[in-house]
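Derivation of every value follows stated rules applied to the coordinates shown; laboratory data play no part. Quantities reported herein were computed from a predicted structural model and do not represent experimental measurements. Here Cβ is always computed from backbone atoms with ideal geometry, including for glycine, and neighbour counts include all displayed protein chains.
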Amino acid sequence: KIWLVINWESLHLLDCSELTLVTGKRRKACDMKVSATLKYARISPQKCRLIMNVIRGNEVLHALRTIKFMPQKAAKIIAKVLESAVANAENNFGADLDDLKISQAYADEAPTFKRFRARARGRGTRILKRNSHITIELSDD
């Protein structure tokens, strides 16, 4: 075992994967988390969440294969965001595609377009065109 005595000022300079504390316990290596976000996607969050629930927690390759055969519009949009997250992991961290797993996937509500539609007897009703912010986070667990 290697014993390191460090002060708190120099702690941020050390690599988390090689840090051994004075207590003798080896710390877990730093977890890599990479994300990709698509903002203001012209699809409702409810429709996106149906696809997200299928792929959440899966490995990236399995999720991409699953999404490829889904007929929904949201599946194509989410596939692009997932591919972007994979590209971020490969380019920024040198991660291996086989090790990546979807740790979080969520669709938040974006600003809604409000439109009016003409109805009978001179009335109008409001139409809400919902948008979403789609975020996918990958980890190497």
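Annotations
- For the range 71-141, the convex hull drawn through the C-alpha positions has a volume of 104 cubic angstrom per residue.
- Environment charge at A89 (Cβ cut-off 10 Å; Lys +1, Arg +1, Asp -1, Glu -1): -3
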